[in-house]
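Peer 1: Before I ask anything, let me first share the structure, which is written out below as structure tokens.
The values are calculated or read from the model by the stated rules, or taken from the named source; none is laboratory data. Here the structure is a predicted model, which means the values were calculated and not measured. For neighbour counting, all protein chains shown are included, and Cβ atoms are generated from backbone atoms with ideal geometry for every residue, glycine included. Just the protein is used for accessible areas: all its heavy atoms, side chains included, with ligands, DNA and RNA removed. Shrake-Rupley method; radii C 1.70, N 1.55, O 1.52, S 1.80 Å.
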Amino acid sequence: MLPQIDLPHPYYFREMYLPQLTSGPSSVAWSPDSKEVVYSMAGSLWRQKIDSSEAQQLTDGPGYDYQPDWSPDGKSVVFVSYQKDAMELWLLDLASGHTRQLTQEGAVNVEPRWSPDGKRIVFVSTTHNKRFHVFRADVSDGKLQNMVRLTGETKSDLPRYYYSAFDTEINPVWTRDGKEIFLVSNRGHIHGTGGFWRMKAEPGAEPREIHYEETNWKARPDFSPDSSRMVYSSYLGREWHQLWVMPAKGGDAFPISYGDWDETNVRWSPDGTLLAFVSNRNGNTELWIQNIAGGAQHRLEKKERHYRESMVRFRVSAQGPKGETVAARISITDAKGRFYAPVSAWIHADDGYDRTQRPFEAHYFYSRGEEDIDLPAGKFEVEILRGFEEPMLRSAFPMQAGKDYEMSLAVSAHRHWTGFAGENWVSSDLHVHMNYGGTYRNTPEHLVEQAEAENLQLVNNLIVNKEQRFPDIAYDGKQIDVASKADAMVVHGQEFHTSYWGHRGVLDLRGSVLLPGYAGYPNTAAASLYPMNADVYDMAHAKGALVGEVHPFDEAPDPFAKPAQRITDELPVDVALGKLDYMEIVGFSDHRATAAVWYRLLNLGFRLPAGAGTDATANYAAPIRGHVGMNRVYVQMPGHSMNVDEWLRALKAGQTFATNGPLLDFSLGGVGIGGDVNLDRAEGAATFRAKLQSIAHVDHLDIVCNGVVAKSLADKIVGTGGISEALVDIGGTIPLKESGWCVLRAASDKAEYPVLDNYVYATTSPIYVTVGGKRARSPEDAKYFVAWIERMIDTTAKYPDWNSAAEKEYVMGRLSEGKKIFEGMR
């Protein structure tokens, strides 16, 4: 996504910093007379008087328009337009309505701000080395001239995990005299996007820090017209961003708004009396106004929308067999790929996309079953998808001006998937974050709606820190949420967020979350590597939870590499000590790389079920690589009811398959997934049954035993181009020469829409095989994990930030204990 940016963890800055498509307002600017505002909404710019409920559309494509700033003379608006795989600055002439492109470099250019005299702008651009720097340029006769970079490029030696080694400069704003700029930078800091700095608006000027706190992309300061104060968004000591004010030259800050929601993108009116900002207090984004004196707030309503061209009213519905409305995921795009949604819908976007297939990333919204949408005349395509159990419905149609249109598409109303033979399979996403610093404010009730639209029966909301805060800490210890429904449940747990040892999922945690929620955070009171994950498992198990390895590997570790790799993931120690209950084989990682490590553990006789978790950030406009339920595990349970305790038991027993699209079933020797096959002698054989159904194209269908393909079923797939949607049911016999395990695996070679993952992938948990009473052995894999733990021991021994020598001695002892277990398997 946007290769013009070279920074780690793009799923954070993309959502929290770059403008995203939302049906509600996303940014705002004042008119010079303080009587009107211009704002971005639904990918267009809009104008509205603050004493009116009528909104006038100013732009309508061809891309998505964001971040307007009104010129001091009132004649024009500078803004960001996302199109042609870039974010460029454009200029809108308010009198004529004409727009002109200002930047042409094909980079990411954001946050333009006019100078007080209206002759220059400052903005953030990635034109220099693909990193965020502040630039200045002159604007004359509708053209951009004399563009220069104001901020230098500094590489830090600080141990930043989520942020680049190179300092980042964002959120520029002019001082009211036009001589200096104010910006946010993480220069000299480890965590967050940094503190507040001032510098002369000249290249090479030395900035000076006037205030520090751990900002997280959204501070976006603005000066009061009298230059005495600065307003910005902060979550200091809280879980949500609120409005704070501090002296313009630095000093102590205090909040001027309070609430369990976000208030961001604040702008001070030129007359100094009002603040305009974006709030998600009601879930979606809204525009609010606050009085400086007294603090009274009111929402700027948009009861009438005046579009640039006449619109057609379109009603779309998803209906079950009896005509009832059914929740579903819906996408509506025009012939140029531009997306449309209802005025109140939460718009979501795919995390990445194939640029050869579409001009923009795939957008979608969730519907309870029926929606009204305003569309311009033209050709449109509607797509409706409801989980993995039935194919996506598509319908293309033209719309003419002056008419209203309705469309109803029939979908199944069933909730539980009954497999290929009437079994009871319960689908679940093991790794969801209801709120994680994103655009919207999510609730359990809305999370249930998201699950219903995805035909997902169980959502595991993992409470987790994001920088200094725990956005969902209010649901600490709630377990099954009261908003749950019989076929769409929310169960609260925790993600323990220690990046050194690896993140871990804690499911159905009884009682309070485990605090502080992480270890190994440099320059904090949690800098020590104790407790290690093995200790966290003990704490979690004592509270009745299951614990799993989450988003494991983008590349399989190579402990034999030269020079030596830095390997600190505690996985093999956890497994050797018998602490781990499941592993996300399909998740926010590379599924094949993760499976390669999983296979090695299985080869040594460890029993480790396949799980799946999206790491879905359910309040993001652009979720971390996927929507709720994109990566899900199906757990086979007795009967046709839902019981969380029984579901946890079946998950731990390995009665599962993990998938981002294909549905699987597998038996070996008459034994189902998670079971045991016992053969009296080597050179034996067993019958198998393999079944597959998929909403997306699949290239490969394989039975994998002991890490190698024992039988490829690709030639059995219908046609020569793979399988999509049709049911495959294959039986046969495979030889089983030694003890070990077998799984059924399906995959594609590339991304396949409507699966919004890097590629299609599914695997069952193992069926375990014992031949002649012998246990599984693999000396080669034992040596691999011995070398892995040796790398951990070498790195951990050099770690400087222990609270005591006893802590270090204890941790080193646990690592050695795990190593000895693998040494005994060589």
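Peer 1: Are any residues in the range 540-599 of a type in the set (S, T, N, Q) and farther than 17 Å from G505 by Cα, and if so, which ones? Reasoning before the result, please.
Peer 2: Here is the first cut: in the range 540-599, the ones of a type in the set (S, T, N, Q) are 565, 568, 589, 594.
The answer is Q565, T568.
Peer 1: Restricted to the range 132-165, and to residues that are under 22 Å from A527 (Cα atoms) and among the hydrophobic types (A, V, I, L, M, F, W, C), which residue is surrounded by the most Cβ atoms within 10 Å (Cβ to Cβ)? Reasoning before the result, please.
Peer 2: Filtering the range 132-165 down to residues under 22 Å from A527 (Cα atoms) leaves 156-165.
Among the residues that remain, those that are also among the hydrophobic types (A, V, I, L, M, F, W, C) are: 158, 165.
Values: L158: 16, A165: 12.
The residue in question is L158.
One line per residue, one yes/no per condition, for (1) open to solvent by less than 10 Å² (accessible area, probe 1.4 Å); (2) in a strand (DSSP E or B):
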position	(1), (2)
E646	no, no
R649	no, no
S667	no, yes
G674	no, no
T687	no, yes
V704	yes, yes
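Peer 1: A further question on this structure: I'm trying to understand the selection: among the residues of the range 229-246, which are modelled with pLDDT of 95 or more and either over 21 Å from the mean Cα position of the chain (by Cα) or surrounded by fewer than 15 Cβ atoms within 10 Å (Cβ to Cβ) (or both)?
Peer 2: Correct list: R229, M230, V231, Y232, S233, S234, Q242, L243, W244, V245, M246.
Peer 1: How many of the residues in the range 472-498 are touching a Phe, Trp or Tyr at 6+ places or on another chain (Cβ under 6 Å) and surrounded by 21 or more Cβ atoms within 10 Å (Cβ to Cβ)? Before the answer, list the steps.
Peer 2: So the first thing to find is which residues in the range 472-498 are touching a Phe, Trp or Tyr at 6+ places or on another chain (Cβ under 6 Å), and the list is 492, 497-498.
If we keep only those that are surrounded by 21 or more Cβ atoms within 10 Å (Cβ to Cβ) too, we end up with 492, 498.
Residues that pass the stated criteria total 2.
Peer 1: Residues in the range 85-98 that are in a loop (DSSP other than H, G, I, E, B) and in contact (Cβ under 8 Å) with a residue 24 or more places away in the chain: how many?
Peer 2: Keep residues of the range 85-98 that are in a loop (DSSP other than H, G, I, E, B), which gives 85, 94-98.
Okay, now just the ones that are also in contact (Cβ under 8 Å) with a residue 24 or more places away in the chain, so 85, 94, 97.
Count: 3.
Peer 1: Please verify whether G188 is on the phi > 0 side of the Ramachandran plot, surrounded by 20 or more Cβ atoms within 10 Å (Cβ to Cβ) and part of a loop (DSSP other than H, G, I, E, B), treating the condition exactly as stated.
Peer 2: Details: on the phi > 0 side of the Ramachandran plot: yes; surrounded by 20 or more Cβ atoms within 10 Å (Cβ to Cβ): no; part of a loop (DSSP other than H, G, I, E, B): yes.
Considered against the rule, which asks whether it is on the phi > 0 side of the Ramachandran plot, surrounded by 20 or more Cβ atoms within 10 Å (Cβ to Cβ) and part of a loop (DSSP other than H, G, I, E, B), G188 comes out as no.
Peer 1: Quickly run through the range 22-62 and pick out the residues that are assigned to a loop (DSSP other than H, G, I, E, B) and free of Cβ contacts under 8 Å to residues at least 24 places away in the same chain.
Peer 2: Answer for the range 22-62, where residues must be assigned to a loop (DSSP other than H, G, I, E, B) and free of Cβ contacts under 8 Å to residues at least 24 places away in the same chain: K35, D51, S52.
Peer 1: Would you be able to say whether some residue in the range 441-455 is farther than 24 Å from S317 by Cα, hydrophobic (A, V, I, L, M, F, W, C), modelled with pLDDT of 95 or more and open to solvent by less than 50 Å² (accessible area, probe 1.4 Å)?
Peer 2: no
Peer 1: Moving on to the next point. Name the pairs: first residue in the range 324-341 and closer than 9 Å to Y364 by Cβ, second residue open to solvent by 30 Å² or more (accessible area, probe 1.4 Å) and basic (K, R), Cβ to Cβ under 9 Å, at least 6 apart or on different chains?
Peer 2: That search, which allows pairs on different chains as well, returns nothing.
Peer 1: May I ask you to list the residues in the range 191-223 that are assigned to a strand (DSSP E or B), out of contact with any Pro (no Cβ under 7 Å at 6 or more places or on another chain), open to solvent by less than 10 Å² (accessible area, probe 1.4 Å) and hydrophobic (A, V, I, L, M, F, W, C)?
Peer 2: Keep residues of the range 191-223 that are assigned to a strand (DSSP E or B), which gives 194-200, 208-215, 222-223.
Add one more test, that the residue is out of contact with any Pro (no Cβ under 7 Å at 6 or more places or on another chain), and what stays is 194-195, 200, 208-215, 222-223.
Those left that are additionally open to solvent by less than 10 Å² (accessible area, probe 1.4 Å): 194-195, 215, 222-223.
Correct list: F223 only.
Peer 1: I would also like to ask the following. Just checking, how many residues over the range 624-644 are within 16 Å of G419 (Cα to Cα) and in a helix (DSSP H, G or I)? Working first, answer last.
Peer 2: Looking only at the range 624-644, we keep the residues that are within 16 Å of G419 (Cα to Cα), and these are 632-642.
Imposing the further condition that a residue be in a helix (DSSP H, G or I) reduces the set to none.
Going through the range 624-644 one residue at a time, the tally reaches 0.
Peer 1: Between P754, P735, which is touching a Leu at 6+ places or on another chain (Cβ under 6 Å) and either open to solvent by 40 Å² or more (accessible area, probe 1.4 Å) or farther than 30 Å from T687 by Cα (or both)? Break it down into steps so the answer makes sense when it comes.
Peer 2: Working: P735 fails: touching a Leu at 6+ places or on another chain (Cβ under 6 Å).
The unique qualifying residue is P754.
Peer 1: Given the criterion of a type outside the set (S, T, N, Q), touching a strand residue (DSSP E or B) at 6+ places or on another chain (Cβ under 7 Å) and either in contact (Cβ under 8 Å) with a residue 12 or more places away in the chain or surrounded by fewer than 22 Cβ atoms within 10 Å (Cβ to Cβ) (or both), identify the matching residue among P68, P8, P3. Step through it out loud before you land on a result.
Peer 2: Working: P8 fails: touching a strand residue (DSSP E or B) at 6+ places or on another chain (Cβ under 7 Å); P3 fails: touching a strand residue (DSSP E or B) at 6+ places or on another chain (Cβ under 7 Å).
Exactly one residue qualifies, and that residue is P68.
Peer 1: Report every pair of residues separated by at least 6 positions or lying on different chains whose Cβ atoms are under 7 Å apart, first residue within the range 614-641 and closer than 19 Å to P754 by Cβ, second among the aromatic types (F, W, Y) and open to solvent by 10 Å² or more (accessible area, probe 1.4 Å).
Peer 2: Taking only residues 6 or more apart or on different chains, the pairs are T614/F588; I624/Y11; I624/F588; R625/Y11; R625/F588; Y634/W417.
Peer 1: Follow-up. Does D574 satisfy the criteria of being at pLDDT 95 or above, among the acidic types (D, E) and open to solvent by less than 10 Å² (accessible area, probe 1.4 Å)?
Peer 2: Details: at pLDDT 95 or above: yes; among the acidic types (D, E): yes; open to solvent by less than 10 Å² (accessible area, probe 1.4 Å): yes.
Spelling it out, D574 is indeed at pLDDT 95 or above, among the acidic types (D, E) and open to solvent by less than 10 Å² (accessible area, probe 1.4 Å).
Peer 1: The conditions are (1) part of a loop (DSSP other than H, G, I, E, B); (2) open to solvent by less than 40 Å² (accessible area, probe 1.4 Å); (3) among the acidic types (D, E), and E105 fails exactly one of them. Which is it?
Peer 2: In the conditions (1) part of a loop (DSSP other than H, G, I, E, B); (2) open to solvent by less than 40 Å² (accessible area, probe 1.4 Å); (3) among the acidic types (D, E), E105 misses (2) alone.
Peer 1: Follow-up. Take the range 761-816 and flag every residue that is assigned to a strand (DSSP E or B) and more than 30 Å from P662 (Cα to Cα).
Peer 2: Within the range 761-816, the subset assigned to a strand (DSSP E or B) is 761-764, 767-771, 774.
Within the range 761-816, V771, K774 qualify.
Peer 1: Can you tell me which residue among R338, R394, R358 is within 25 Å of Y440 (Cβ to Cβ), modelled with pLDDT of 90 or more and of a type in the set (K, R)? Quick ask: steps written out before the conclusion?
Peer 2: Working: R394 fails: within 25 Å of Y440 (Cβ to Cβ); R358 fails: modelled with pLDDT of 90 or more.
Just one listed residue meets the conditions, R338.
Peer 1: Where residues in the range 577-600 are more than 22 Å from R826 (Cβ to Cβ), of a type outside the set (A, V, I, L, M) and in contact with an Asp or Glu (Cβ under 7 Å, 6 or more places away or on another chain), which of them is surrounded by the most Cβ atoms within 10 Å (Cβ to Cβ)?
Peer 2: Across the range 577-600, the extreme among qualifying residues is G587.
Peer 1: Condition test on T103, is it touching a strand residue (DSSP E or B) at 6+ places or on another chain (Cβ under 9 Å) and more than 21 Å from L2 (Cβ to Cβ)? Step through it out loud before you land on a result.
Peer 2: Numbers: touching a strand residue (DSSP E or B) at 6+ places or on another chain (Cβ under 9 Å): yes; more than 21 Å from L2 (Cβ to Cβ): no.
Against the criterion (touching a strand residue (DSSP E or B) at 6+ places or on another chain (Cβ under 9 Å) and more than 21 Å from L2 (Cβ to Cβ)), T103 does not qualify.
Peer 1: Regarding R607, is this residue under 28 Å from E452 (Cβ atoms), in contact (Cβ under 8 Å) with a residue 12 or more places away in the chain, among the basic types (K, R) and assigned to a loop (DSSP other than H, G, I, E, B)?
Peer 2: Numbers: under 28 Å from E452 (Cβ atoms): no; in contact (Cβ under 8 Å) with a residue 12 or more places away in the chain: yes; among the basic types (K, R): yes; assigned to a loop (DSSP other than H, G, I, E, B): yes.
Here the answer is no, as R607 does not meet what is asked.
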